[in-house]
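The values are calculated or read from the model by the stated rules, or taken from the named source; none is laboratory data. It should be emphasised that the depicted structure is a prediction, and the values quoted were computed from it without experimental measurement. Don't worry about glycine lacking a Cβ; one is built from the backbone with ideal geometry, like all the others, and counts go over all protein chains shown. Surface areas here come from the heavy atoms of the whole protein model, side chains and all, with no ligands, DNA or RNA. Shrake-Rupley method; radii C 1.70, N 1.55, O 1.52, S 1.80 Å.
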Amino acid sequence: MQKTIPYFFCFLVSLSFGQSGKGTLSGKILDRITNETIPFAQITLTKSDSIYYFTSTNSEGNYFFKNILADTFLVEVSSVGYSSTQFSKIIVAGQNRTSHVVLDPTEISLKEYTISAKKYEHKITDETVSSTVIESEIIKDRITTNPRDIVTQIPGVHTQEEQISIRGGAGFSYGAGSRVLVMLDGIPMLAGDAGDIKWNYLPLEGINQIEVLKGASSVLYGSSALNGVINIRTQYPTSTPKTEINFIAGMYDKPFRGRYLKWWDGYRGMQGTSFFHARQVTKHFDLVVGGNFFNDQSFRIGEKETRGRLNINTKFQHKKIKGLFYGVNSNAQLSDVDLFFVWKEKDSVLTPSPGTNSSGLNNRFNIDPYIEYFAKNGDKHTLKTRWFNTDNNNQVDPTQSSTSNLYFGEYQFKKNIDTNFTLTSGATIIKTFVNSTLYGNHESTNLAAYTQLDKVMWKKLTFSAGLRAEYYQLNAVNEPIIPIARMGLNYHMAKATFIRASIGQGYRFPSVAEKFASTSLGTLSVFPNPELTPEKGWSAEIGIKQGIKIKNWKGYIDIAGFINEYENMTEYTFGFFDTTTFEQKPSGSINEFGASSRNVNKARISGIDLTLAGKGKIGNVGIQLLAGYTFMNPKPIDADSAYLSTFSSLTTNYTYDRNLDLNSDSVSDNLKYRFNHLFKVDVQLEYKKLNVGGSYRFNSFIHNIDESFHILGIFSGNTFLGGLEEYRRDQPKNTQIIDVRIGYKHSSKIKLSFVCNNLLNTEYQTRPGWVMPPRNFVFQSTFSF
């Protein structure tokens with residue numbers, strides 16, 4: 001095996017071009033305003049829409065191509081924060097050609113660039129997996145108050161409360177664990193105790209773009225990337241300082257159409273303000289400062305949220321060591337939250353079940369020191385670290401409080417072996433300490449090493465392959481080292497046509513909350529499961545991305561067929577449990593009703609994912625579009641009757657017919673809390689100073705939930721989800737939500753916006769006992785300097 005690896009590398013390198021009849025090209029890349037050089041800009045040489053050569057400027061803004069075939073090439077120069085440019089260049093054999101290029105600064109934007117699948121910046125068209133990018137403009141125009149709400153609009157992505165699912169990969173787990181890894185600037189943002197996503201903690205005002213990577217991504221990102229990755233990239237300064245201040249105010253309408261359940265008098269809504277400032281303080285010092293205050297009175301009884309957050313990002317360039325950058329990013333939030341868990345009964349869906357509400361004072365902060373070094377030969381060394389503290393203080397029941405400290409470190413090395421061959425390798429360590437009366441005290445260690453090769457072959461074919469080994473220890477108990485692999489291909493078939501295929505493995509270690517949580521909420525008990533084992537799985541897809549251009553409007557249509565398979569799948573199971581052994585029972589008294597994380601079965605989710613996206617102008621009208629349809633077929637594999645008996649389908653009603661053949665095709669055996677069809681559209685039109693837009697979201701009926709929810713109301717005397725079965729039968733089987741918006745740009749410094757969410761005032765729930773907001777109106781004023 002050791003002898004094989006060098007031969008493999010030699011084979012890849014030997015695919016590069018020969019040495020005869022060649023010349024060189026060199027020059028500088030400059031900022032038009034400051035006339036300073038631009039380090040790490042990207043330069044590509046193409047011919048007939050095929051990439052022949054690629055390089056980037058060094059820390060001094062210089063670039064150099066050697067051994068270029070004597071021919072005429074199209075040179076494209078691009079850099080983050082600048083408009084790209086193109087020009088033709090003739091390469092003459094035996095001669096050195098020189099071209100200095102000047103770029104114009106633009107608004108802070110990354111357009112179609114992503115780092116998710118390769119851990120370095122590249123075009124989205126070069127991906128070997130499905131990915132989607134959301135830019136900051138749509139976040140602002142939708143008057144987004146929580147990043148979760150904008151992620152929900154991405155094709156193939158669905159949220160149930162705080163839980164996120166990509167292509168049906170996750171069900172309902174009430175904030176314990178996640179199969180999707182959420183990162184902030186490339187560093188994981190999952191909490192150390194529950195392993196969940198703190199959506200409202202993310203610095204919304206400073207978001208530059210959101211990248212979504214679909215499918216198993218554990219080779220580069222480790223545990224929790226079993227279902228995909230969401231990377232949130234923040235803004236940074238350009239040569240022009242930028243300041244932005246937002247004010248929002250909103251109100252809830254009567255809930256709901258045909259079922260007015262309004263319980264308050266007068267005004268009830270939300271208010272907030274945020275600010276963002278970015279500037280290059282000196283030639284060697286960049287500074288970003290942002291903050292947010294938000295208050296939501298809520299439309300549910302006993303629920304409210306007040307939070308304040310401040311974030312500071314710094315970046316220093318060493319004055320003597322060229323290519324050395326370092327800094328510290330930080331974020332801190334204080335919040336006062338009264339939580340609503342489930343409704344009492346079907347005619348009081350805004351009234352909490354007795355004893356289930358909770359109140360908490362939650363504090364969170366992270367400090368992220370980092371170092372980046374760009375060597376003169378193009379190598380890049382990166383060291384990223386984070387200390388992430390979460391402190392959840394339950395004011396109603398102190399036994400449900402928890403404090404966690406997560407320490408993260410990653411070293412990464414990227415080397416361009418030649419213009420078409422990139423090696424990315426790294427190592428990570430995650431150390432977690434949990435002190436809690438809810439979970440107990442626990443300590444975990446996670447070590448990993450990874451490597452990935454990306455090679456452009458025969459001008460149009462990109463090959464990517466990676467390996468990872470992961471070690472995990474919880475409370476001095478070692479898990480076996482997990483080796484995983486992935487590989488992918490991307491073929492540039494025509495001018496704007498890209499075909500891709502990929503397959504990759506994934507895994508997820510259970511969180512402390514999933515294994516050790518032990519508490520109660522009203523009539524619901526939460527039982528621990530120390531024997532919970534890691535989830536494993538793999539995903540594969542084949543897809544095609546076709547570029548589209550209509551006059552000045554550019555976009556793409558992407559079609560992918562996918563399959564995800566899971567082993568030892570973990571589900572947060574609701575039912576009746578033995579209070580001594582914590583084993584699930586087919587029936588029991590209300591005192592035994594509860595929830596616990598369980599390894600249930602193998603599962604397979606297959607389907608088709610279609611995305612249409614684009615931006616530009618047709619005539620004098622600007623059009624921005626993001627639309628998608630996803631078909632999912634989420635099924636258990638070789639499920640036994642005991643597992644299927646926990647399902648509750650309204651289509652076949654087999655919950656109450658024990659003589660029904662559970663293996664019959666007539667049985668709706670979708671995995672719990674999943675649906676088959678998901679369709680989304682978001683479109684915005686801009687004309688001069690006016691913009692109008694809207695979004696539409698559709699998902700089909702969720703056939704299966706936990707059977708125990710349907711019969712629980714009888715045991716609880718209709719005080720805990722009473723009448724849920726009847727409620728589900730009476731509600732529309734499909735969910736359709738429409739939002740509309742309008743904005744007016746008074747000047748370059750003032751913009752006014754208005755959004756009506758849930759225009760038709762539709763009553764719907766994303767999980768049992770959790771009715772979503774009624775129609776609401778939100779106003780926003782934005783001031784830019």
Practice task
Report yes if PHE276 is in a strand (DSSP E or B), surrounded by fewer than 20 Cβ atoms within 10 Å (Cβ to Cβ) and under 31 Å from the mean Cα position of the chain (by Cα), otherwise no.
Solution key: no
Practice task
Run down THR403, THR385 and say which single residue is within 22 Å of the chain's Cα centre (by Cα), of a type in the set (Ser, Thr, Tyr), farther than 30 Å from LYS66 by Cα and open to solvent by 30 Å² or more (accessible area, probe 1.4 Å).
Solution key: THR385
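Please work out which residue is farthest from HIS381 (Cα to Cα), limiting yourself to the stretch 330-350 and to residues that are touching a strand residue (DSSP E or B) at 6+ places or on another chain (Cβ under 6 Å) and open to solvent by 30 Å² or more (accessible area, probe 1.4 Å).
Looking at the filtered set, the residue picked out is GLU345.
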Practice task
Would you be able to say whether some residue in the stretch 468-485 is buried (at least 22 other Cβ atoms within 10 Å of the Cβ) and modelled with pLDDT under 90?
Solution key: no
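A quick yes/no check of all residues on (1) modelled with pLDDT of 95 or more; (2) of a type in the set (Ser, Thr, Tyr):
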| residue | (1), (2) |
| --- | --- |
| SER401 | no, yes |
| LEU406 | yes, no |
| GLU410 | yes, no |
| LYS414 | no, no |
| THR419 | no, yes |
| PHE433 | yes, no |
| LYS459 | no, no |
| THR462 | no, yes |
| GLY466 | no, no |
Exercise for the section: Report those strands (runs of 3 or more DSSP E) wholly inside the stretch 26-69 carrying at least 2 residues which are crowded, with 17+ Cβ neighbours inside 10 Å, at pLDDT below 80 and of a type outside the set (Gly, Ala, Ser). Expected result: 50-56
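Tell me, please, whether a residue that is of a type outside the set (Phe, Trp, Tyr), open to solvent by less than 30 Å² (accessible area, probe 1.4 Å), modelled with pLDDT of 90 or more and under 22 Å from the mean Cα position of the chain (by Cα) can be found in the stretch 683-693. Lay out the reasoning, then the answer.
Residues of the stretch 683-693 of a type outside the set (Phe, Trp, Tyr): 683-686, 688-693.
Still in the running and open to solvent by less than 30 Å² (accessible area, probe 1.4 Å): 684, 691, 693.
Going one step further and asking which of them are modelled with pLDDT of 90 or more, we end up with 684, 691, 693.
Subset that is under 22 Å from the mean Cα position of the chain (by Cα): none.
Taking every residue of the stretch 683-693 in turn, none turns out to be of a type outside the set (Phe, Trp, Tyr), open to solvent by less than 30 Å² (accessible area, probe 1.4 Å), modelled with pLDDT of 90 or more and under 22 Å from the mean Cα position of the chain (by Cα).
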Handout entry: Yes/no for GLY607 being at pLDDT 80 or above and more than 24 Å from HIS703 (Cβ to Cβ)
Key = no
Exercise for the section: Would you check if SER217 is under 24 Å from ARG307 (Cα atoms), modelled with pLDDT under 90, among the hydroxyl-bearing types (Ser, Thr, Tyr) and out of contact with any helix residue (DSSP H, G or I) (no Cβ under 7 Å at 6 or more places or on another chain)? Expected result: no
Problem - Only listed residue being touching a residue at least 60 places away in the same chain (Cβ under 8 Å) and acidic (Asp, Glu), chosen from GLU372, GLU345 - result: GLU345
Problem - The listed residue being of a type in the set (Phe, Trp, Tyr) and outside any strand (DSSP E or B), out of PHE783, PHE701, PHE754, PHE777 - result: PHE701
Exercise for the section: Kindly indicate whether any position in the stretch 519-531 is within 27 Å of the chain's Cα centre (by Cα) and open to solvent by less than 40 Å² (accessible area, probe 1.4 Å). Expected result: no
Practice task
Return yes or no: is GLY555 open to solvent by 40 Å² or more (accessible area, probe 1.4 Å) and of a type outside the set (Ser, Thr, Tyr)?
Solution key: no
Exercise for the section: Check ASN704, ASN761 and return the single one that is open to solvent by less than 40 Å² (accessible area, probe 1.4 Å), closer than 25 Å to LEU524 by Cα and touching an Asp or Glu at 6+ places or on another chain (Cβ under 9 Å). Expected result: ASN704
Practice task
Would you tally the residues in the stretch 129-141 being part of a loop (DSSP other than H, G, I, E, B) and surrounded by fewer than 24 Cβ atoms within 10 Å (Cβ to Cβ)?
Solution key: 0
Exercise for the section: Looking only at the stretch 235-260, count how many residues are surrounded by 18 or more Cβ atoms within 10 Å (Cβ to Cβ), out of contact with any helix residue (DSSP H, G or I) (no Cβ under 6 Å at 6 or more places or on another chain) and not in a strand (DSSP E or B). Expected result: 6
Completion exercise
Note on the stretch 526-548: residues hydrophobic (A, V, I, L, M, F, W, C) and in contact with an Asp or Glu (Cβ under 8 Å, 6 or more places away or on another chain) are LEU532, TRP538, ILE544
Practice task
Would you mind telling me which numbered condition in (1) open to solvent by 30 Å² or more (accessible area, probe 1.4 Å); (2) in a strand (DSSP E or B) GLU726 fails?
Solution key: (2)
Problem - Residue list for the stretch 255-279, restricted to those being in contact with a Pro (Cβ under 7 Å, 6 or more places away or on another chain) and either under 16 Å from MET772 (Cβ atoms) or of a type in the set (Lys, Arg) (or both) - result: PRO255, PHE256, LEU261, LYS262, ARG279
Practice task
Identify the residue in the stretch 320-365 that is touching a Phe, Trp or Tyr at 6+ places or on another chain (Cβ under 7 Å) and basic (Lys, Arg) and, among all such residues, is nearest to THR399 (Cα to Cα).
Solution key: ARG364
Practice task
Scan the stretch 218-234 residue by residue and report those that are among the polar types (S, T, N, Q) and either open to solvent by less than 10 Å² (accessible area, probe 1.4 Å) or under 10 Å from the mean Cα position of the chain (by Cα) (or both).
Solution key: SER218, ASN227, ASN231
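Mind checking which residues of the stretch 279-325 are open to solvent by 60 Å² or more (accessible area, probe 1.4 Å) and either under 30 Å from PHE779 (Cβ atoms) or among the basic types (Lys, Arg) (or both)?
Matches in the stretch 279-325: ARG279, LYS283, PHE293, LYS304, LEU310, ILE312, LYS315, LYS319, LYS320, LYS322.
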Problem - Enumeration of residues in the stretch 434-469 that are free of Cβ contacts under 8 Å to residues at least 60 places away in the same chain and not in a strand (DSSP E or B) - result: THR437, ASN441
Practice task
Could you pull out the residue among THR419, THR432, THR424, THR445 that is closer than 30 Å to SER525 by Cα, buried (at least 19 other Cβ atoms within 10 Å of the Cβ), in contact with a Leu (Cβ under 9 Å, 6 or more places away or on another chain) and not small (Gly, Ala, Ser)?
Solution key: THR432
